[in-house]
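We did not get these values from a lab; they are worked out from the coordinates using the rules stated. As the structure is a prediction and not an experimental result, all values here were calculated from the model. Counting neighbours? That spans all protein chains shown, and the Cβs are built from the backbone with ideal geometry, glycine included.
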Amino acid sequence: MNRPVRTRLASALAGLVATSALLSGCSIVGIGTSDDPGSSKTSAVPSATPTPYDSQFTRDGTFQSHIEVNGLDFVYTLYPTKSTPRTNEWYPRGNKFFSFTFQAYDLNRAIRDRFATKRKVYLSDIEVTSRTKTTGGGRTQHPYNLKAVAKEITFDPEPVTTRYGMIITSPKGAFELRNQKIGPTSLDTRGIDLLFTATVHIQTSPGSAKFYERKIRQTVPIAIFSSKKKTDVAQIPVDAN
């Protein structure tokens, strides 16, 4: 993949500090590419005020989690886009935009070890559902949903694929999806949970022809601030850096 070096290195370093729990604590890493008008991490504006719903994404302007499975670190990273960078101005009305990546690291090998010595991980399907948290006890809404074959929607137009899906082992592959729209919700919404499920196939050992399937799940809370205003969506020129 033709991915910016700084993104690969930042994610790789983050992968080394994965915890041993299935769902571990979160850490922050810079991510985003200068050639995409809608996904610059540097444009994110974290919330400086108390949030109505506990959310690292809202508080810090990005979210990253590490999920360790059999010595592999699966990393979900989310960040707001330039269209709606101010996470403390995400209101019920109007659309909110985010991007996310998903990648795997073989913790049994050093970062600079030859790729052939690392276990391959392939992503076949990605699914994301959502649910709202409200103050009025109203019905749960689902402002964002996704269910797709990963290789057909990833940002890379030519991902490395096999019958198991697209490769996501660092540094040769990663799933990336940009400018995803969270739709409007009722005015009493104070939070939205995004629930990610990735279906992966993991090589049993480097060079092996045997793979086994796992589902990697992660929930990402997002705070929504009370206001009758619409979330402001910036108009980003197509050729913006």
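Based on Cβ point charges of +1 for Lys and Arg and -1 for Asp and Glu, what charge dipole magnitude is obtained for the range 43-140 about its Cα centre, in debye rounded to the nearest 20?
Values: 14 positive and 9 negative charges, 41 e Å.
Roughly 200 debye, rounded to the nearest 20.
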field: Assigned charges on the beta-carbon of Lys, Arg, Asp, Glu; the range 175-236 dipole about Cα centre (debye)
entry: 60
- line: PRE zone check, label point 7 Å out along Cα-to-Cβ of residue 179, amide N under 13 Å, scope the range 94-128, hits 97-99
task: Evaluate the distance, in nm, between pseudo-label points positioned 7 Å from the Cα of residue 195 and of residue 140 along their respective Cα→Cβ axes.
output: 0.5
